[in-house]
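What follows is a set of notes on a single structure, which appears directly below.
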Amino acid sequence: MATAKKPCAKGRAAPAAPAAKVVKTPKFENAKVFAWVDKWNKICTPDRIVIVTGEKKQHDDICEMMVKKGQFVKLNQKKRPGCYLARSHESDVARVEGRTFICSKKEIDAGPTNHWMDPDEMRAKMTKAYTGCMKGRTMYVIPYAMGPIGNPITQYGIEITDSPYVVVNMNIMTRTGDAVLKHLGKDGDFIPCIHSVGAPLKKGEKDVAWPCAKNIDDKYITQFPEDHEIWSFGSGYGGNALLGKKCFALRIASKLAMEQGWMAEHMLILTLTNPEGRQYHVTAAFPSACGKTNLAMMLPKLPGWKLQTIGDDIAWLKPGADGRLYAINPENGFFGVAPGTSMDSNPNALASCKKNTIFTNVVLTPDGDIWWEDMGVDAPEEGVDWKGNPCYRCADDPKRMGPKPGMTKAEIKESGYVAAHKNSRFTAPAINCPVLDKDGFNGKFNKKPTGVPIDAMLFGGRRPSTIPLVNEAKSWTHGVFMGSAAGSEVTAAIISNDVGKVRRDPMAMLPFFGYNVCDYFQHWLEMERTSANPANLPRVYFVNWFRKTDKGEFMWPGFGDNSRVLKWICDRIEGKVGANETAIGNLPKFEDIDLSNNEGDPRFTVNPALLKKIITVDKAGWIKEIETVGESYDEYDRKASKDSKEVNPNARRVPAALRAKLAEIKAALAKAK
Ligand code: OXD
Ligand code: MN
């Protein structure tokens, strides 16, 4: 039964809730920066506003404040100076692709691979969520640069956030602070970004270790590609909250790049120097968990060859007057996956996180250090797992940990337990990397700030069958076709109905296209049409380190042995070696793969008989492969709504040049022996 409302004292109407107190917006010389901060100050109503200066003292003070609040664990400063550990909420451990939106005015412009919502509807919905969302919190204003400040390829952003975790991670991952504001001056342009963890605090309420919106449906990672704006709400996870990374450097930047004739790609950049001192610059786009960071920092097995890192995740490439593509790494650090990073797989990544690094969701050891699965070192007797619970060294495998003392490896495996989250991360300054190519990283070539000219572009994926070790595209269009067909195979290691099926991940950009995938393919093709000298575009290759035997054993050792493939690529560029010209592309001749220094640890030794197999065409496999690439094209051609089987006549189509390439390879395969 409804109860009658108590009349207000003296019969007057109840007073309206007091308007939230708005703190004063600080002054900024740049009017657009002031307007952006002022707008969100009034909506989010934080308790205070702090401008991120980029200075070490402010960074350290924020870290210490987080330690006091229980949001960071300070690691053993003798072993890991300047290092901290964070543990995230269980709902907030990875990118949320289902809550990531490209809010273009028209749905078709977001395309068939993106989630879309009408921009006005999204703005209204999110503005409601942002209203009062920073109560009890500090609003930080982070001026940041994607790329070396002042470089012609660099772009700038202003991220507003209420997360100190975001501030200190952005300090590592980008160039932040006063220098950026100075560079922007009165009217310099930037990408406006707003982020909130979506967890306002009531007066006197104690904060939690990892504030966020706990319900996945309350998280929004939104890009407005026409307005070049980024709005993120409810998540503190790196890929959702460090807005310079995926949201700006890939989604918004890919749109800008399409409009302005350059490229924003999910690619590592490396510098390779041969024994004669000739330098090559290579980019590589692999989907997640396919070894981009490992290749970017690899120690070559081939004597006399040197590899240096420029970037491990994102490349921005601009065409030069000579037709070459010049690349910078827009980032300033590595946001690497921890598990699996070991002295065997990537000693340079381990060295990169020796100091000034933030670890998220790894194991804390009793001596204040960190550990993760497949780190290649014995686990401590006991530790604290990523959820903050005790964990213990496994009874019969010192390289595993379980949730109870004395558990066996089999028991731990059966339970599915991991002590470090599978997507646990290190955020490490690039400058820590022992093999950093400092000039290239600073966007310089021949001492000039232009980015480095790219000689070869690689695509790849985890493909246990069919796809050869390395395959050279016969033309730029063929290279674009190869990229469009990239993907990774679901393996028997995963319990899934999709085993053996390929998840297509064109150019490794599936979660990162800022616009319609078909337009993106067209843009790649346009790079040749609009080039000042198409002959100077990079050569394109498809590589696959992951072929397996019928018994499930790797046929190629990978890691440092991949230098053999890179050398073959350099030899091709120099015209030093020929190739087997096949229906699918140019494959190496066995004798052209350098097998020197092929001794030692049998795990890292090339088996010549297996090598022969992975540089030939598996005709039956390729006929199937081409068919499934065609199916992915058909899928893109359908209307934006993913589950519709109808072909929408208004849908953007896969470019005819790629359809023609597919048909050409299919016909050549049919004719091949
Ligand atoms: C990714 C990453 O998810 O780089 O691709 O973090
Ligand atoms: Mn990535």
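The values are calculated or read from the model by the stated rules, or taken from the named source; none is laboratory data. Remember, it's a predicted structure, so these values are computed and weren't measured experimentally. Cβ sites come from the backbone with ideal geometry, for glycine too, and all protein chains shown count toward neighbours. All accessible areas refer to the heavy atoms of the entire protein, side chains included, with ligands and DNA or RNA removed. Shrake-Rupley method; radii C 1.70, N 1.55, O 1.52, S 1.80 Å.
Entry remark, the range 231-251: residues being away from ligand 1 (no atom under 16 Å from the Cβ) and in contact with an Asp or Glu (Cβ under 9 Å, 6 or more places away or on another chain) number 2 in total.
What tally of residues in the range 201-224 results from selecting those that are in a loop (DSSP other than H, G, I, E, B) and either out of contact with any Gly (no Cβ under 6 Å at 6 or more places or on another chain) or within 14 Å of Asn240 (Cβ to Cβ) (or both)? Full working, then the answer.
Filtering the range 201-224 down to residues in a loop (DSSP other than H, G, I, E, B) leaves 201-215, 219.
Narrowing the set further to residues that are either out of contact with any Gly (no Cβ under 6 Å at 6 or more places or on another chain) or within 14 Å of Asn240 (Cβ to Cβ) (or both) leaves 202-208, 210-215, 219.
Of the residues in that region, 14 qualify.
Scanning the range 139-171 for residues that are open to solvent by 10 Å² or more (accessible area, probe 1.4 Å) and in a helix (DSSP H, G or I) turns up Pro164, Tyr165, Asn171. Of all residues in the range 297-320, those being away from ligand 1 (no atom under 16 Å from the Cβ), in a loop (DSSP other than H, G, I, E, B) and either open to solvent by 30 Å² or more (accessible area, probe 1.4 Å) or out of contact with any Gly (no Cβ under 9 Å at 6 or more places or on another chain) (or both) number 6. Picking from residues in the range 321-339 that are more than 15 Å from ligand 1 (Cβ to nearest atom) and open to solvent by 20 Å² or more (accessible area, probe 1.4 Å), the one that is farthest from Phe604 (Cα to Cα) is Ala321.
Applying the criterion of at least 1 residues that are polar (S, T, N, Q) and open to solvent by 10 Å² or more (accessible area, probe 1.4 Å) to the strands (runs of 3 or more DSSP E) found wholly in the range 413-530 leaves 487-489.
In the range 603-616, is there at least one residue being within 25 Å of Phe101 (Cβ to Cβ), surrounded by 15 or more Cβ atoms within 10 Å (Cβ to Cβ), among the aromatic types (Phe, Trp, Tyr) and modelled with pLDDT under 95? Looking through the range 603-616, none of the residues is within 25 Å of Phe101 (Cβ to Cβ), surrounded by 15 or more Cβ atoms within 10 Å (Cβ to Cβ), among the aromatic types (Phe, Trp, Tyr) and modelled with pLDDT under 95. When restricted to residues that are away from ligand 1 (no atom under 12 Å from the Cβ) and open to solvent by less than 30 Å² (accessible area, probe 1.4 Å), the range 275-290 contains 5. Look at the range 103-124: where a residue is under 17 Å from Asp637 (Cβ atoms) and hydrophobic (A, V, I, L, M, F, W, C) and a partner is part of a loop (DSSP other than H, G, I, E, B) and open to solvent by 70 Å² or more (accessible area, probe 1.4 Å), sitting 6+ places away or on another chain with Cβ atoms under 6 Å, you get Ala110/Trp116.
Looking only at the range 357-412, which residues are small (Gly, Ala, Ser), open to solvent by 60 Å² or more (accessible area, probe 1.4 Å) and outside any loop (DSSP other than H, G, I, E, B)? Write out each step before concluding.
Filtering the range 357-412 down to residues small (Gly, Ala, Ser) leaves 368, 376, 379, 383, 388, 395, 402, 406, 410.
Checking the rest, the ones that are also open to solvent by 60 Å² or more (accessible area, probe 1.4 Å) come to 395, 410.
Scanning the range 357-412 gives a single hit, Ala410.
Within the range 348-356, is there a residue that is open to solvent by 20 Å² or more (accessible area, probe 1.4 Å), within 16 Å of ligand 1 (Cβ to nearest atom), part of a helix (DSSP H, G or I) and not small (Gly, Ala, Ser)? No, that holds for no residue.
Could you please let me know if Ser342 is under 22 Å from Ser563 (Cβ atoms) and away from ligand 1 (no atom under 16 Å from the Cβ)? So Ser342 passes the test.
One residue stands out among those in the range 200-256 that are of a type in the set (Val, Ile, Thr) and under 23 Å from the mean Cα position of the chain (by Cα): the one that is farthest from Met507 (Cα to Cα), which is Ile216. State which residue is surrounded by the fewest Cβ atoms within 10 Å (Cβ to Cβ) when the search covers only the range 176-230 and only residues that are among the aliphatic types (A, V, I, L, M) and under 19 Å from Gly54 (Cβ atoms). Within the range 176-230, the match that is surrounded by the fewest Cβ atoms within 10 Å (Cβ to Cβ) is Ala179.
Scan Glu627, Glu635, Glu646, Glu599 and give me the residue that is open to solvent by 40 Å² or more (accessible area, probe 1.4 Å), under 29 Å from Lys671 (Cα atoms) and either modelled with pLDDT under 95 or in contact with a Leu (Cβ under 7 Å, 6 or more places away or on another chain) (or both).
On the way: Glu627 fails: either modelled with pLDDT under 95 or in contact with a Leu (Cβ under 7 Å, 6 or more places away or on another chain) (or both); Glu646 fails: under 29 Å from Lys671 (Cα atoms); Glu599 fails: under 29 Å from Lys671 (Cα atoms).
Unique residue meeting the criteria: Glu635.
Out of the residues in the range 269-288 meeting the condition of being touching a Ser or Thr at 6+ places or on another chain (Cβ under 7 Å) and assigned to a strand (DSSP E or B), tell me which one is nearest to ligand 2 (Cβ to nearest atom). Here the answer is Ile269.
Could you tell me which of the residues Gly560, Gly578 is in a loop (DSSP other than H, G, I, E, B) and not basic (Lys, Arg)?
Numbers: Gly560 fails: in a loop (DSSP other than H, G, I, E, B).
Exactly one residue qualifies, and that residue is Gly578.
Screening the range 328-344 for residues that are out of contact with any helix residue (DSSP H, G or I) (no Cβ under 8 Å at 6 or more places or on another chain) and either within 16 Å of ligand 2 (Cβ to nearest atom) or not in a strand (DSSP E or B) (or both) and picking the one that is nearest to Met263 (Cα to Cα) gives Ala338. Within the range 231-268, can you find the residues that are part of a strand (DSSP E or B) and either open to solvent by 10 Å² or more (accessible area, probe 1.4 Å) or within 13 Å of ligand 2 (Cβ to nearest atom) (or both)? Listed by number, the residues that qualify are Phe233, Ala264, Glu265, Leu268.
Residues checked against (1) open to solvent by 10 Å² or more (accessible area, probe 1.4 Å); (2) farther than 24 Å from Tyr515 by Cβ; (3) within 16 Å of ligand 1 (Cβ to nearest atom):
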residue	(1), (2), (3)
His59	yes, yes, no
Met65	yes, yes, no
Asn76	yes, yes, no
Arg87	yes, yes, no
Ser91	yes, yes, no
Thr100	yes, no, yes
Ala110	no, no, no
Thr113	yes, no, yes
Cys133	no, yes, no
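Filtering the range 255-274 to residues that are away from ligand 1 (no atom under 16 Å from the Cβ), farther than 11 Å from Leu307 by Cα and in contact with a helix residue (DSSP H, G or I) (Cβ under 6 Å, 6 or more places away or on another chain) leaves Met258, Met263.
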